[in-house]
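Accompanying notes for the structure given below.
The values are calculated or read from the model by the stated rules, or taken from the named source; none is laboratory data. All figures in this text were calculated on a predicted structure; none of them were measured in a lab. As a convention, Cβ positions derive from the backbone with ideal geometry for all residues, glycine included, and neighbour counts pool all protein chains shown.
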Amino acid sequence: MNLGSLVTIAAAAPKNLVHFVVQNGTYEANGAHPIPNTKTDFAAMARGAGYAHVHDFAELANFEQQAGHVLREAGPVFATLHVERAKPLTYDYANLYDPSRRAALKAALREA
């Protein structure tokens, strides 16, 4: 998702949208590489874009207490959840990319 999406969502103002950003300071989906600025305030960006309601949670207890309220608000709603970084992921690439696994999947799909 890019930043242009924030203003598009705010302009469309979908009443049933709750947008969570899980902020751990990394690009978790592609190997947990650090984001360029770990102090980026995503909630401020959403507020500036025009989201109806914006929340920023750094404490689990606070989020647990407010989660129901956040989910009931008319959207678009934006919430940043500050979490700890995950441990680095390790993959067994030899197994994942083994040609026999690909052949087995293709065979199973032909039979389905």
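Residue-wise test of (1) within 19 Å of Arg72 (Cα to Cα); (2) at pLDDT 95 or above; (3) touching a strand residue (DSSP E or B) at 6+ places or on another chain (Cβ under 6 Å).
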{"site": "Leu3", "(1), (2), (3)": "no, no, no"}
{"site": "Gln23", "(1), (2), (3)": "no, no, yes"}
{"site": "Tyr27", "(1), (2), (3)": "no, no, yes"}
{"site": "Ala32", "(1), (2), (3)": "no, no, yes"}
{"site": "Pro36", "(1), (2), (3)": "no, no, no"}
{"site": "Lys39", "(1), (2), (3)": "no, no, no"}
{"site": "Phe42", "(1), (2), (3)": "no, no, yes"}
{"site": "His53", "(1), (2), (3)": "yes, yes, yes"}
{"site": "Phe57", "(1), (2), (3)": "yes, yes, yes"}
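So, in segment 59-75, of the ones that are out of contact with any strand residue (DSSP E or B) (no Cβ under 6 Å at 6 or more places or on another chain) and either under 24 Å from Tyr27 (Cα atoms) or modelled with pLDDT under 90 (or both), which residue ends up surrounded by the fewest Cβ atoms within 10 Å (Cβ to Cβ)? Step by step, filter segment 59-75, then rank; the result is Glu59. Residues that are surrounded by 10 or more Cβ atoms within 10 Å (Cβ to Cβ) and touching a helix residue (DSSP H, G or I) at 6+ places or on another chain (Cβ under 9 Å) were ranked within segment 84-97; the one that is modelled with the highest pLDDT is Arg85. Scanning segment 33-73 for residues being closer than 19 Å to Leu3 by Cβ, hydrophobic (A, V, I, L, M, F, W, C) and part of a helix (DSSP H, G or I) gives a total of 6. Looking only at segment 74-90, residues that are in contact with an Asp or Glu (Cβ under 7 Å, 6 or more places away or on another chain) and part of a strand (DSSP E or B) come to 1 in all. Between Thr26, Thr38, the distinction of being surrounded by 13 or more Cβ atoms within 10 Å (Cβ to Cβ), within 16 Å of the chain's Cα centre (by Cα) and among the hydroxyl-bearing types (Ser, Thr, Tyr) belongs to Thr26 only. Give the number of residues within segment 11-32 that are in a strand (DSSP E or B) and closer than 28 Å to Gly68 by Cβ. Counting residues in segment 11-32 that are in a strand (DSSP E or B) and closer than 28 Å to Gly68 by Cβ gives 6. Can you find a residue that is under 18 Å from Gly4 (Cα atoms) and either over 16 Å from the mean Cα position of the chain (by Cα) or of a type outside the set (D, E, K, R) (or both) anywhere in segment 80-95? Yes, because at least one residue in segment 80-95 is under 18 Å from Gly4 (Cα atoms) and either over 16 Å from the mean Cα position of the chain (by Cα) or of a type outside the set (D, E, K, R) (or both).
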